[in-house]
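Here the structure comes first, spelled out in structure tokens, and everything after it is commentary.
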Amino acid sequence: CIIDEVLTFWQEKNENFLGCLLQDWRSCCNQASTAITCFTRGLDLRKGTEDVLCPANCPLWQFYVFGDGVYASLSSVCGAAIHSGVITNTGGAVRVQTLPGQENYPAVNANGIQSQVLSRWASSFSVTGARNTALEAVGRSVSTARPSTGKRPKKTVDKKAGNKDCKADIAFLIDGSYNIGQRRFNLQKNFVGKVAVMLGIGTEGPHVGVVQASEHPKIEFYLKNFTAAKEVLFAIKELGFRGGNSNTGKALKYTAQKFFSLENGARKGIPKIIVVFLDGWPSDDLEEAGIVAREFGVNVFIVSVAKPTTEELGMVQDIGFVDKAVCRNNGFFSYQMPTWFGTTKYVKPLVQKLCSHEQMLCSKTCYNSVNIGFLIDGSSSVGESNFRLVLEFVSNVAKAFEISDIGSKVAAVQFTYDQRTEFSFTDHVTKDKVLSAIRNIRYMSGGTATGDAISFTTRNVFGPVKEGPNKNFLVVLTDGQSYDDVRGPAAAAQKAGITVFSVGVAWAPLDDLKDMASEPRESHTFFTREFTGLEQMVPDIIRGISRAR
């Protein structure tokens, strides 16, 4: 327990910690739970088992929880704890245990929280009660939230800055076809205006634009055009009805490809969202457009009004068009309204969805938008048993990423004096297949020519994907001195846009490791005396890739 931690707690005015400090400061530091917010997710925690402290008075209606008993790691920790009955909304200490990912997280309503269905996620967690000894030392429990006064405190919002808790770049794709007609088109504009106002548009909050879908899509205004709610309302009011067929698929594809450019006002690191308003059904195919949107990292919501009747279903090309167009078919990204009349009550629930950044599963993140190549030393000095430990290290790093045909990808090359591509980025598009391929890599045995191997990998493995949207990373694993130059090939790889991490074991020279690593070299170079030490480096490599992304 270091002095910096004491100062941090004091600066946050944590009186409990001070009281505990006066009694036994070392014991307090060692045993106190880590204070988290209402919306800290399981994936935000780094330890396998961690004691945390949930604040009181978290708004239950804002929690997003997936599963029951075992929760997907993008769930709110405090929400999961209340859902499972470990704590109540008065807050308290919770022990979080990290678990492997799974399929089919169920939806269960418990303790005032409705958890949601999720078909698959890469990691999970469970929650149990934890004794918060630091708080017990002062004889009372304290939450990090303000005491309840019976009223929800009003949150002051800088109108110019907007709602900083809801940063999103949103395209409203409105229906301008003959399906909706002039009258309902005007009602649609009124609803979109109400949503825009409640979002809290501002320079540091959400930005919105509008595209009209009809025979041909038309961008009415871009994200960069307006940063005040009044301006957006006026622009929406002035929109004219275009008419024509409801070519929603064509408009969705066009919006995903053209709307979210930096030149048009899109911001880096901010979720990209398309809200598709659809009266009736589309005249064209939405499936391909949905795939394109996901490839571009766009989260698609479908707001459908006046579903087709039984008699009208025969005119619909694909009755499953909603599920195929949305970001994920988990119920979160689809929204239904029976009519355009009396829609005010539907505004707030839609806004809550659009502001739930942790739910934007199609956004490009460090976990779903990277190419990671592993360059594995198969020389004689490694040995069969140690080689298995190297493969285990590779698997553990790969497990952390969301591998799919439109997400992250993994490749592996083994080298001695020669090189052998074990599998490329396009060979396996699911995590299970990648992990299976890693397990099946056979040990080569031979000399060590790391420089040639880096050049081979840059040219043959990263070359075919250099124009793709994912950022490229190379993890070089070696246990000894290379017989050739490593500095030149590593520099060439970095010039080609590849971030290089060097991982050395046993007799690997530190100078070679630093020569291969990207800048800053200290954070891209790793070394351990024993192969068993590789396991401890896994979180650091994952974190390094996340930060570099």
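This table checks each residue for (1) modelled with pLDDT of 90 or more; (2) within 20 Å of Q359 (Cα to Cα).
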{"position": "L199", "(1), (2)": "yes, yes"}
{"position": "H207", "(1), (2)": "yes, yes"}
{"position": "F234", "(1), (2)": "yes, no"}
{"position": "G249", "(1), (2)": "yes, no"}
{"position": "A256", "(1), (2)": "yes, yes"}
{"position": "N264", "(1), (2)": "yes, no"}
{"position": "I291", "(1), (2)": "no, yes"}
{"position": "V300", "(1), (2)": "yes, yes"}
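If we scan region 344-365, do we find a residue that is modelled with pLDDT of 85 or more, aromatic (F, W, Y) and out of contact with any His (no Cβ under 7 Å at 6 or more places or on another chain)?
Yes, the conditions are met somewhere in region 344-365.
Scan region 497-534 for residues that are in contact with a Phe, Trp or Tyr (Cβ under 7 Å, 6 or more places away or on another chain) and open to solvent by 70 Å² or more (accessible area, probe 1.4 Å) and report the count.
Within region 497-534, residues that are in contact with a Phe, Trp or Tyr (Cβ under 7 Å, 6 or more places away or on another chain) and open to solvent by 70 Å² or more (accessible area, probe 1.4 Å) number 1.
Of all residues being charged (D, E, K, R) and touching a residue at least 24 places away in the same chain (Cβ under 8 Å) in region 458-472, which is most open to solvent (accessible area, probe 1.4 Å)? Just the residue, please.
Applying the filter and picking the extreme gives K466.
Regarding I376, is this residue under 23 Å from I454 (Cα atoms), in contact (Cβ under 8 Å) with a residue 40 or more places away in the chain and not charged (D, E, K, R)?
Details: under 23 Å from I454 (Cα atoms): yes; in contact (Cβ under 8 Å) with a residue 40 or more places away in the chain: yes; not charged (D, E, K, R): yes.
Yes: the conditions hold for I376.
Of all residues in region 386-402, which are assigned to a helix (DSSP H, G or I), in contact (Cβ under 8 Å) with a residue 60 or more places away in the chain and open to solvent by 30 Å² or more (accessible area, probe 1.4 Å)? Reasoning before the result, please.
Taking region 386-402 and keeping what is assigned to a helix (DSSP H, G or I), we get 386-399.
Filter once more, so that each one left must be in contact (Cβ under 8 Å) with a residue 60 or more places away in the chain: 386, 389-390, 392-394, 396-397, 399.
Result: N386, L389, E392, N396, K399.
Restricting attention to region 23-39, does a residue exist that is of a type outside the set (A, V, I, L, M), within 26 Å of I542 (Cα to Cα), at pLDDT below 50 and in a helix (DSSP H, G or I)? So that I can check it myself, show each step before the final result.
Keep residues of region 23-39 that are of a type outside the set (A, V, I, L, M), which gives 23-31, 33-34, 37-39.
Checking the rest, the ones that are also within 26 Å of I542 (Cα to Cα) come to 33-34, 37-39.
Checking which are at pLDDT below 50 leaves us with none.
No, region 23-39 contains no residue that is of a type outside the set (A, V, I, L, M), within 26 Å of I542 (Cα to Cα), at pLDDT below 50 and in a helix (DSSP H, G or I).
Out of the helices (runs of 4 or more DSSP H) lying entirely within region 212-327, which hold 1 or more residues that are within 20 Å of I180 (Cβ to Cβ) and not small (G, A, S)? Don't jump to the end; show me each part of the working.
Working: elements: 229-237, 248-258, 287-295, 321-325.
Counting at least 1 such residues, we get 229-237, 248-258, 321-325.
Given the structure, is L43 open to solvent by 10 Å² or more (accessible area, probe 1.4 Å), within 28 Å of L350 (Cβ to Cβ) and either in contact with a strand residue (DSSP E or B) (Cβ under 9 Å, 6 or more places away or on another chain) or not in a loop (DSSP other than H, G, I, E, B) (or both)?
Details: open to solvent by 10 Å² or more (accessible area, probe 1.4 Å): yes; within 28 Å of L350 (Cβ to Cβ): yes; either in contact with a strand residue (DSSP E or B) (Cβ under 9 Å, 6 or more places away or on another chain) or not in a loop (DSSP other than H, G, I, E, B) (or both): yes.
Spelling it out, L43 is indeed open to solvent by 10 Å² or more (accessible area, probe 1.4 Å), within 28 Å of L350 (Cβ to Cβ) and either in contact with a strand residue (DSSP E or B) (Cβ under 9 Å, 6 or more places away or on another chain) or not in a loop (DSSP other than H, G, I, E, B) (or both).
When you look at D405, is it out of contact with any strand residue (DSSP E or B) (no Cβ under 8 Å at 6 or more places or on another chain), free of Cβ contacts under 8 Å to residues at least 40 places away in the same chain and within 28 Å of N299 (Cβ to Cβ), yes or no? It would help to see each step written out before you state the result.
Working: out of contact with any strand residue (DSSP E or B) (no Cβ under 8 Å at 6 or more places or on another chain): yes; free of Cβ contacts under 8 Å to residues at least 40 places away in the same chain: yes; within 28 Å of N299 (Cβ to Cβ): yes.
Spelling it out, D405 is indeed out of contact with any strand residue (DSSP E or B) (no Cβ under 8 Å at 6 or more places or on another chain), free of Cβ contacts under 8 Å to residues at least 40 places away in the same chain and within 28 Å of N299 (Cβ to Cβ).
From the list Q102, Q114, Q97, which residue is within 25 Å of the chain's Cα centre (by Cα), polar (S, T, N, Q) and farther than 25 Å from G48 by Cβ?
On the way: Q102 fails: farther than 25 Å from G48 by Cβ; Q97 fails: farther than 25 Å from G48 by Cβ.
The conditions single out Q114.
Does S84 satisfy being outside the structural domain of I542 (by the TED database), over 27 Å from I542 (Cα atoms) and at pLDDT below 90?
Details: outside the structural domain of I542 (by the TED database): yes; over 27 Å from I542 (Cα atoms): yes; at pLDDT below 90: no.
No: the conditions fail for S84.
For region 87-101, give me each residue that is surrounded by 17 or more Cβ atoms within 10 Å (Cβ to Cβ) and of a type in the set (A, V, I, L, M, F, W, C). Even if it seems obvious, please write down each step before you answer.
First pass over region 87-101, keeping only residues surrounded by 17 or more Cβ atoms within 10 Å (Cβ to Cβ): 87, 89, 91-96, 98.
Passing the criteria: I87, A93, V94, V96.
The values are calculated or read from the model by the stated rules, or taken from the named source; none is laboratory data. This one's a predicted model, so the numbers in the text were calculated from it and none came from an experiment. Every residue, glycine among them, receives a Cβ derived from its backbone with ideal geometry; neighbour counts consider all protein chains shown. Calculation scope for accessible area: heavy atoms of the full protein, side chains included, ligands and nucleic acids excluded. Shrake-Rupley method; radii C 1.70, N 1.55, O 1.52, S 1.80 Å.
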